[in-house]
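One structure below.
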Amino acid sequence: MTSALRRATAFALVGFASVIAPVAHRIFSPDIATLLAVSPFFLLAGSLHFVESGVVFELFARPGDRRDGRLYGLAGFSLAIAALVLLSLQFKMPVAVPVAATMSLAIGNVGAHLVRAASDERIAGTAGFVTGGFLAGIGGFVLSGSITGAFPSFPEIAFLAASGALLAALLRSMLFERDDPLVILSVGLLLWLFSDLAISITATGIAIALAITVALGYVSYALETASVPGMLTGVLLSLLTIVIGDYGWFAMLITFFGGGGLASKFKYDEKVARGIAQENEGARGSGNVLANSLVALFAVLAAAASPRLTGVSPELFLFVFAGSVAAAMSDTLSSEFGGLYDAPRLITTFERVEPGTDGGVTWQGELAGLAGATVIAVIAFVAFGTIEFAGAAVIVTSGFVGMTVDSLLGATIEGRWVGNQGVNFLATLSAGIAGAVLALAGGLVAF
């Protein structure tokens with residue numbers, strides 16, 4: 001057993017102590033249960049200040065801990081568990097969440113190290129993490145339910161476990177080992193949110209959703225349209241869109257992912273020669289995926305929470321979603337195809353600029369962008385009976401608004417105050433807002 005695998009196993013054993021939360025919840029009053037469940041983790045974190053060497057230090061020490069001479073990694077891990085346990089016993093977070101969130105990360109790490117011992121491929125380690133985290137998340141919910149007697153349905157458990165494992169894997173791919181406390185807390189808060197939404201899903205539905213997202217992840221990585229973090233981000237967003245939205249929402253999102261990825265690969269060598277190619281051979285990273293999809297993700301979650309939590313019609317958020325995705329598609333196609341043509345003009349002054357200049361547009365790129373928005377609108381028109389011709393026109397218009405805002409921001413503030421990803425986010429946000437405003441103004445939805 002390698003030292004990394006041994007350390008991951010030791011952390012998993014500490015994480016298993018999170019099961020004290022459902023046990024204490026079942027037996028004691030909330031205040032006593034909180035004291036009994038949280039104290040061991042605080043005591044462990046405090047006692048580690050005095051551990052500078054020996055068997056325990058050698059077992060848990062990460063490279064950073066060895067430099068500092070303190071087990072800060074284990075202390076942070078313990079305090080993060082304590083924070084989730086406190087939230088579960090005092091603030092109505094389901095008591096299964098601390099167990100599932102902690103074990104998703106801890107067993108996920110063990111799974112990643114087990115696979116890496118046999119393969120050096122990064123994607124193999126990621127697959128080991130997600131698989132281990134997924135199974136551990138299911139185990140955490142089942143174990144907690146057997147103690148408290150509060151069982152979600154198995155499809156809901158599978159969805160929560162998959163979401164937690166994918167988020168944990170995504171964060172672990174971008175952060176350092178010492179950031180595990182942030183991963184635990186993030187996964188815990190996500191699971192709490194989804195538990196509160198009371199999502200309804202069937203066994204067939206979650207099976208199809210998982211199969212589609214796994215296939216999507218494999219294809220995007222095999223075609224090199226996304227990096228590992230970008231692939232994980234896309235898979236997680238796709239899973240949430242299918243389960244919380246439905247297949248119509250997913251069809252729009254996957255069209256952007258697929259179309260945008262292939263557009264980046266189109267005549268890539270020529271784009272490299274012109275200095276306009278995407279980095280990493282066109283493979284999109286998590287930042288790029290999130291910048292273009294964060295507004296859409298918000299719209300999916302807001303639609304699921306309506307009208308119970310927001311009091312707003314879910315139909316309104318469909319236009320926010322479709323408008324933001326249309327903008328992302330429009331901007332991507334206009335950039336990837338328009339950049340192949342000479343003599344672009346700056347959108348603010350119409351003076352000629354070099355290809356690839358921020359804010360530079362060509363008529364060919366504008367047409368490609370409009371075509372991209374139209375594709376998204378057609379999908380919405382076919383998939384949703386409530387989206388008629390007027391609704392499709394709103395989506396196309398929203399996409400054009402977002403594409404234009406992207407060019408305007410590129411010509412004015414990009415590179416000075418915000419980067420490309422910030423501009424992409426603001427463009428999709430403006431398109432989502434435009435979709436909502438136009439739908440309300442046209443009487444297509446009621447607020």
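Out of the residues in segment 196-225 that are under 30 Å from Ala263 (Cβ atoms) and of a type in the set (Ser, Thr, Tyr), state the one that is surrounded by the fewest Cβ atoms within 10 Å (Cβ to Cβ).
Out of the qualifying residues, it is Tyr218.
Given the conditions (1) open to solvent by 60 Å² or more (accessible area, probe 1.4 Å); (2) touching a helix residue (DSSP H, G or I) at 6+ places or on another chain (Cβ under 9 Å); (3) under 25 Å from Gly258 (Cβ atoms); (4) of a type outside the set (Phe, Trp, Tyr), which single one is not true for Gly385?
Result: Gly385 passes all but (2).
Could you tell me whether Gly338 is more than 24 Å from Phe250 (Cβ to Cβ), of a type in the set (Gly, Ala, Ser) and either at pLDDT 80 or above or open to solvent by 10 Å² or more (accessible area, probe 1.4 Å) (or both)?
No; evaluated as a whole, the condition is false for this residue.
Give the number of residues within segment 7-29 that are in a helix (DSSP H, G or I) and either aliphatic (A, V, I, L, M) or closer than 17 Å to Gly149 by Cβ (or both).
Counting residues in segment 7-29 that are in a helix (DSSP H, G or I) and either aliphatic (A, V, I, L, M) or closer than 17 Å to Gly149 by Cβ (or both) gives 15.
Among the numbered criteria (1) of a type outside the set (Asp, Glu); (2) more than 14 Å from Thr332 (Cα to Cα); (3) open to solvent by 20 Å² or more (accessible area, probe 1.4 Å), which single criterion is violated by Phe425?
With respect to (1) of a type outside the set (Asp, Glu); (2) more than 14 Å from Thr332 (Cα to Cα); (3) open to solvent by 20 Å² or more (accessible area, probe 1.4 Å), Phe425 is out only on (2).
Within 20 Å of Phe141 (Cβ to Cβ) and either surrounded by 16 or more Cβ atoms within 10 Å (Cβ to Cβ) or β-branched (Val, Ile, Thr) (or both) - does that describe any residue in segment 52-72?
No: segment 52-72 contains no residue that is within 20 Å of Phe141 (Cβ to Cβ) and either surrounded by 16 or more Cβ atoms within 10 Å (Cβ to Cβ) or β-branched (Val, Ile, Thr) (or both).
Here's a check for you: in segment 101-127, which residue that is open to solvent by 40 Å² or more (accessible area, probe 1.4 Å) and part of a helix (DSSP H, G or I) is nearest to Gly15 (Cα to Cα)?
So the residue we want is Ile107.
With the requirement that a residue be in a loop (DSSP other than H, G, I, E, B), under 18 Å from Leu408 (Cα atoms) and of a type outside the set (Gly, Ala, Ser), what does segment 330-347 give you?
Pro344, Ile347
Would it be correct to say that Pro98 is part of a helix (DSSP H, G or I) and either under 11 Å from Pro181 (Cβ atoms) or in contact (Cβ under 8 Å) with a residue 12 or more places away in the chain (or both)?
Answer is yes for this residue.
So which residues in segment 226-265 are among the polar types (S, T, N, Q) and open to solvent by 20 Å² or more (accessible area, probe 1.4 Å), if there are any at all?
Those that are among the polar types (S, T, N, Q) and open to solvent by 20 Å² or more (accessible area, probe 1.4 Å): Ser227, Thr255.
Here is a list of conditions, (1) surrounded by 19 or more Cβ atoms within 10 Å (Cβ to Cβ); (2) touching a residue at least 40 places away in the same chain (Cβ under 8 Å), and Pro344 meets all of them except one; can you say which number that is?
(2)
Any residue in segment 372-389 that is without any contact (Cβ under 8 Å) to a residue 40 or more places away in the chain sitting within a Cβ distance under 7 Å of a residue that is not in a helix (DSSP H, G or I)? List the pairs, counting only those 6 or more apart or interchain.
Phe381/Ile387
Results for (1) within 26 Å of the chain's Cα centre (by Cα); (2) open to solvent by 60 Å² or more (accessible area, probe 1.4 Å), shown as yes or no for each residue.
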{"residue": "Thr349", "(1), (2)": "no, yes"}
{"residue": "Arg352", "(1), (2)": "no, yes"}
{"residue": "Ala368", "(1), (2)": "no, no"}
{"residue": "Phe389", "(1), (2)": "no, yes"}
{"residue": "Gly402", "(1), (2)": "yes, no"}
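Cβ-Cβ below 9 Å, separation at least six or inter-chain, first residue in segment 16-37 and acidic (Asp, Glu), second part of a helix (DSSP H, G or I): which pairs?
Asp31/Leu89; Asp31/Gln90
For segment 169-182, name all the residues that are in a loop (DSSP other than H, G, I, E, B) and either among the acidic types (Asp, Glu) or open to solvent by 60 Å² or more (accessible area, probe 1.4 Å) (or both).
Phe176
Based on this model, can you work out whether Val19 counts as among the aliphatic types (A, V, I, L, M), closer than 18 Å to Ala101 by Cβ, buried (at least 20 other Cβ atoms within 10 Å of the Cβ) and within 33 Å of the chain's Cα centre (by Cα)?
yes
Just one of Leu166, Leu143, Leu185, Leu193 is assigned to a helix (DSSP H, G or I), open to solvent by 10 Å² or more (accessible area, probe 1.4 Å) and under 11 Å from Leu105 (Cβ atoms); which is it?
Just a single option satisfies the conditions, and that option is Leu185.
Please name all residue pairs, on different chains or six or more residues apart, with Cβ atoms under 9 Å, provided the first residue is in segment 62-84 and is within 14 Å of Ala12 (Cα to Cα) and the second residue is part of a loop (DSSP other than H, G, I, E, B).
Close Cβ pairs (under 9 Å, with a partner that is part of a loop (DSSP other than H, G, I, E, B)) amount to Gly73/Ala61; Gly73/Arg62; Leu74/Val51; Leu74/Ala61; Leu74/Arg62.
Restricting attention to segment 117-154, and to residues there that are closer than 17 Å to Val228 by Cα and over 24 Å from the mean Cα position of the chain (by Cα), which single residue is modelled with the lowest pLDDT?
Asp120
Looking at (1) of a type outside the set (Phe, Trp, Tyr); (2) open to solvent by 20 Å² or more (accessible area, probe 1.4 Å); (3) within 20 Å of Gly372 (Cα to Cα); (4) at pLDDT 85 or above, can you tell me which one Leu301 breaks?
It is condition (3) that Leu301 fails.
Among the residues of segment 76-95, what is the count of those that are in contact with an Asp or Glu (Cβ under 7 Å, 6 or more places away or on another chain) and farther than 18 Å from Asp65 by Cβ?
Residues flagged as in contact with an Asp or Glu (Cβ under 7 Å, 6 or more places away or on another chain) and farther than 18 Å from Asp65 by Cβ within segment 76-95 amount to 0.
Considering each residue of segment 66-91, count those that are assigned to a helix (DSSP H, G or I) and in contact with a helix residue (DSSP H, G or I) (Cβ under 7 Å, 6 or more places away or on another chain), and give that number.
So the count comes out to 18.
Quick one: which residue in Arg178, Arg172 is within 18 Å of the chain's Cα centre (by Cα), of a type in the set (D, E, K, R) and at pLDDT below 95?
Residue meeting the stated conditions: Arg172.
The values are calculated or read from the model by the stated rules, or taken from the named source; none is laboratory data. Predicted model only: the values in this text are computed from it and were never measured. All Cβ positions, glycine included, derive from the backbone under ideal geometry; neighbour counts span all protein chains shown. When the accessible area is computed, the model is the full protein with side chains, heavy atoms only, and any ligands, DNA or RNA have been set aside. Shrake-Rupley method; radii C 1.70, N 1.55, O 1.52, S 1.80 Å.
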